[in-house]
Amino acid sequence: MTAQLAVVTVTYSSGEHLTTFLRSLEKATSPTPPVIIADNGSTDGAPEAAEQEFDNVTLIHTGGNIGYGGGINRAVAALEKDIEFIAVANPDVDWGPGSLDELLAAAQRWPRAGSLGPLIHEPDGAIYPSARRVPDLTSGIGHALFSHVWKSNPWTRAYRADDAAPSERPVGWLSGSCLLMRREAFEAVGGFDSRYFMYMEDVDLGDRLGKAGWLNVYVPDATIVHTKGHAAGRNPEKMLPAHHRSAYQFQADRNPGPWRAPLRLALRAGLAMRSRVAVYAARRTPDPATADTSEEGTSR
């Protein structure tokens with residue numbers, strides 16, 4: 001029996017990217033799966049136009065900008081009960097031919113895979129490091145402090161798993177810009193943590209899946225192109241602080257208790273300072289790459 005598949009995405013004035021997403025999806029697998037768009041308050045009319053143009057699209061309005069994870073959770077809740085696999089993707093993904101078929105085939109090879117992610121190309125052809133290790137406190141701080149001034153620092157290399165050639169393997173977490181998820185696993189861990197308005201929700205999800213006994217499997221034979229960062233580039237004053245708040249949330253959750261309160265306080269202060277520096281740099285040289293985030297998210 002063919003696995004039942006649906007695609008979910010979250011829009012926030014995603015414009016022409018959404019049309020590319022839906023048209024390229026037709027070549028990613030056959031038959032074309034149903035798509036649920038959770039719209040977080042778009043003003044460009046793109047989600048409404050997509051629902052009119054594409055027969056497989058259903059649009060739901062979340063009632064406001066509830067964040068990426070919250071929007072995905074809302075979309076998943078609207079799926080039919082017989083859906084076994086959920087493709088979670090940003091609306092600025094350009095699906096490679098057969099990419100979803102490759103991910104579905106890998107899911108059969110890895111029955112404990114809770115999530116599977118493709119090789120992600122950037123628009124210029126570069127490979128985005130989408131399969132990474134879960135950052136501990138040391139590697140997270142080292143990456144945060146040195147990633148922009150010392151590109152080859154050991155903490156960033158470890159975080160990005162730059163020493164590993166593309167190969168099908170379990171990893172710590174996968175970029176939430178494009179994931180194939182086993183619905184059983186998604187629901188077992190409660191989906192995305194909606195406290196993360198944007199960024200780091202994929203790191204958190206991958207970490208929780210791993211702790212629950214599921215695998216996050218990188219499948220480089222499946223390829224997509226992700227036009228990352230268009231929202232971050234437009235709104236650095238909002239996006240960059242959101243990233244730093246999420247980074248704090250992730251580490252604070254993993255360092256609980258009163259005796260670690262001084263650590264959390266220092267971490268909050270350090271990330272707040274780094275956020276201000278990053279916003280200042282983005283204003284001087286607007287560039288989505290200024291924010292080295294978990295997803296370089298675009299739909300928020």
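Thr20 - would you say it is polar (S, T, N, Q) and either in a loop (DSSP other than H, G, I, E, B) or surrounded by fewer than 18 Cβ atoms within 10 Å (Cβ to Cβ) (or both)?
Working: polar (S, T, N, Q): yes; either in a loop (DSSP other than H, G, I, E, B) or surrounded by fewer than 18 Cβ atoms within 10 Å (Cβ to Cβ) (or both): no.
It is false that Thr20 is polar (S, T, N, Q) and either in a loop (DSSP other than H, G, I, E, B) or surrounded by fewer than 18 Cβ atoms within 10 Å (Cβ to Cβ) (or both).
Need a quick list: helices (runs of 4 or more DSSP H) entirely within segment 126-244 having at least 1 residues that are at pLDDT below 65 and touching an Asp or Glu at 6+ places or on another chain (Cβ under 9 Å).
Values: elements: 137-146, 154-160, 183-188, 201-211, 230-234.
In segment 126-244, 137-146, 154-160, 230-234 are the helices (runs of 4 or more DSSP H) which contain 1 or more residues that are at pLDDT below 65 and touching an Asp or Glu at 6+ places or on another chain (Cβ under 9 Å).
For residues in segment 77-118 being touching a Gly at 6+ places or on another chain (Cβ under 9 Å) and assigned to a strand (DSSP E or B), which is farthest from Val189 (Cα to Cα)?
If we take residues in segment 77-118 being touching a Gly at 6+ places or on another chain (Cβ under 9 Å) and assigned to a strand (DSSP E or B), then Pro118 is farthest from Val189 (Cα to Cα).
From the list Arg23, Arg74, which one is over 14 Å from Cys178 (Cα atoms), under 20 Å from the mean Cα position of the chain (by Cα) and charged (D, E, K, R)? Spell out how you get there, then give the answer.
Working: Arg23 fails: under 20 Å from the mean Cα position of the chain (by Cα).
Going through Arg23, Arg74 in turn, just one is over 14 Å from Cys178 (Cα atoms), under 20 Å from the mean Cα position of the chain (by Cα) and charged (D, E, K, R): Arg74.
The values are calculated or read from the model by the stated rules, or taken from the named source; none is laboratory data. Every value quoted in this text rests on a predicted model; they were computed, and no experiment measured them. With ideal geometry, Cβ positions are generated from the backbone for all residues, glycine too; neighbour counts draw on all protein chains shown.
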